[in-house]
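For reference, the structure discussed in these notes is given below.
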Amino acid sequence: MSPPHTRSGTGRASARIMPSGTPQTEFERIHPMSEIQIGLSKNARPTYSLDDVALIPTRRTRDRRDVDTSWQIDAFKFDTPIIGAPMDSVMSPATAIALGKLGGLGVLNLEGLWTRYEDPQPLLDEIVELPEADPASATTRMQQIYSEPIKPELITARLEEIRDSGVVVAGSLSPQNTQEHYETVVKAGVELFVIRGASVSAEHISTSHEPLNLKKFIYELDVPVIVGGVAGYSQAKHLMRTGAAGVLVGFGGGSAQTTRQGLGISAPMATAIADVAAARSDYLDESGGRYVHVIADGSLGRSGDMVKALALGADAVMLGAPLARASEAPGQGWYWGNEAHSLDFPRGVRTPLGVVGSLEEVLYGPSHHVDGTSNIVGALKRAMANCGYLDLKKFQKADLTVVPAYRG
């Protein structure tokens with residue numbers, strides 16, 4: 001029976017549409033899949049959002065105190081597979097340090113207010129107070145605030161602050177600004193470098209400027225690089241061939257819904273993660289044993305989303321909204337990403353999420369909420385134990401069921 005063909009992200013299945021008779025992609029040649037007919041000229045492959053799937057415990061259960069949630073990428077090991085999304089509403093130098101000391105990885109947005117203003121706090125306060133009832137004027141003011149140029153000396157100062165704390169130093173740039181600022185970033189002592197955009201490919205073609213050559217760039221860089229987002233097998237595999245240490249899956253930053261509405265582009269996350277995990281496996285064979293980490297980045301609002309992303313094959317998750325609910329978050333319970341203040345085509349909305357507790361309570365509890373907004377690491381341990389798995393790699397083998405009408 002074919003799944004209903006509704007918009008991804010609404011908790012229903014969606015379909016990937018292609019012309020009838022379209023030549024097979026690399027993924028389809030390796031992993032044949034059934035299609036459904038949308039009309040006489042279009043066929044589609046069914047795809048699923050995280051709301052469309054659920055875990056099914058099928059093995060012996062475990063004591064959650066025995067569960068190991070540690071994750072290692074390159075030489076860096078973390079107690080949890082949680083990466084703080086490089087967004088001004090989520091990560092400041094102080095919150096990146098706090099997350100690092102709590103066992104995660106904080107990534108600072110090196111194009112945000114912290115690298116544009118010596119003291120960004122008044123601007124953060126102003127963004128929080130912008131009228132919710134008039135989103136257009138709020139967007140206009142945010143565009144004005146973020147029009148201040150990035151200052152290389154502030155990139156250096158912010159990264160040095162994080163490095164001096166003793167946690168792993170990670171910073172993020174968009175593909176458009178990487179070539180201009182990466183030397184400053186590397187000299188400042190970054191240990192993990194993130195190139196994050198709405199959609200990043202290994203081959204960007206432009207007639208107006210010389211694009212970033214990712215393969216050459218990553219090869220010459222002396223630190224591991226995480227790059228994305230991607231939405232499927234072929235795009236991810238091409239990025240893996242550039243030498244990236246990790247690939248981001250999805251459209252993070254709170255812009256998934258408006259990217260779909262404005263550009264007609266969507267990445268149903270359950271299918272996207274599973275596809276990129278397949279690319280990781282095939283690339284492991286192709287490269288003779290080089291493992292590239294799959295990092296889910298988008299549609300991860302609560303602990304259950306994180307749990308399912310890891311069970312689908314992600315090695316780690318990049319979280320925005322869950323961490324934005326911490327009292328230490330710079331957005332003070334409000335959530336916005338880089339796309340929200342784009343000068344030519346803003347996407348994403350400044351969203352009030354509220355504060356549920358300290359960063360430690362969000363991660364480890366104690367929780368006083370029943371909606372998956374706090375003690376998210378505890379939720380992961382409980383889910384892994386209930387399904388009978390003691391470590392994250394084995395948890396990727398957990399059984400899942402498709403539940404298109406799932407709402408709970």
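The values are calculated or read from the model by the stated rules, or taken from the named source; none is laboratory data. From a predicted model like this one, the values you see are computed outputs, not experimental measurements. Virtual Cβ from ideal backbone geometry, glycine too; neighbours counted across all protein chains shown. When the accessible area is computed, the model is the full protein with side chains, heavy atoms only, and any ligands, DNA or RNA have been set aside. Shrake-Rupley method; radii C 1.70, N 1.55, O 1.52, S 1.80 Å.
Of the residues making up region 70-94, those that are under 19 Å from residue 334 (Cβ atoms) and either crowded, with 22+ Cβ neighbours inside 10 Å or among the basic types (Lys, Arg) (or both) number 9. Among the residues of region 308-334, write down those that are of a type in the set (A, V, I, L, M) and either open to solvent by 10 Å² or more (accessible area, probe 1.4 Å) or closer than 24 Å to residue 127 by Cα (or both). Correct list: 312, 318, 319, 321, 323, 324, 326, 329.
If I ask for residues that are part of a helix (DSSP H, G or I) and at pLDDT below 95, which ones from region 337-374 would you list? Don't jump to the end; show me each part of the working.
Initially, region 337-374 is screened for residues part of a helix (DSSP H, G or I), giving 338-341, 359-364.
Passing the criteria: 338, 339, 340, 341.
Scanning region 141-186 for residues being at pLDDT below 95 and more than 24 Å from the chain's Cα centre (by Cα) gives a total of 1.
Kindly indicate whether residue 379 is open to solvent by less than 20 Å² (accessible area, probe 1.4 Å) and either assigned to a loop (DSSP other than H, G, I, E, B) or at negative phi (or both).
Working: open to solvent by less than 20 Å² (accessible area, probe 1.4 Å): no; either assigned to a loop (DSSP other than H, G, I, E, B) or at negative phi (or both): yes.
It is false that residue 379 is open to solvent by less than 20 Å² (accessible area, probe 1.4 Å) and either assigned to a loop (DSSP other than H, G, I, E, B) or at negative phi (or both).
For region 90-128, the set of residues classified as touching a Lys or Arg at 6+ places or on another chain (Cβ under 8 Å) and among the polar types (S, T, N, Q) consists of 115 only. You will find that of 116, 65, 45, 59, the residue that is charged (D, E, K, R) and within 21 Å of residue 298 (Cβ to Cβ) is 45 and no other.
How do the pairs read when you match residues in region 102-123 that are farther than 19 Å from residue 320 by Cα with residues anywhere that are among the acidic types (Asp, Glu) and open to solvent by 30 Å² or more (accessible area, probe 1.4 Å), using Cβ under 8 Å and keeping only pairs 6 or more apart or on different chains? Hits for this filter: 116/148; 117/148. On inspection, residue 12 qualifies as charged (D, E, K, R) and at pLDDT below 95. May I ask you to list the residues in region 118-139 that are at pLDDT 95 or above, more than 30 Å from residue 246 (Cβ to Cβ) and not hydrophobic (A, V, I, L, M, F, W, C)? Selection gives 118, 119, 121, 122, 125, 126, 129.
Scanning region 15-69 for residues that are open to solvent by 30 Å² or more (accessible area, probe 1.4 Å), hydroxyl-bearing (Ser, Thr, Tyr), at pLDDT 85 or above and within 22 Å of residue 278 (Cα to Cα) turns up just one, 48. Considering 115, 95, the condition of being modelled with pLDDT of 95 or more, of a type in the set (Val, Ile, Thr) and farther than 13 Å from residue 170 by Cβ is satisfied by 115 alone.
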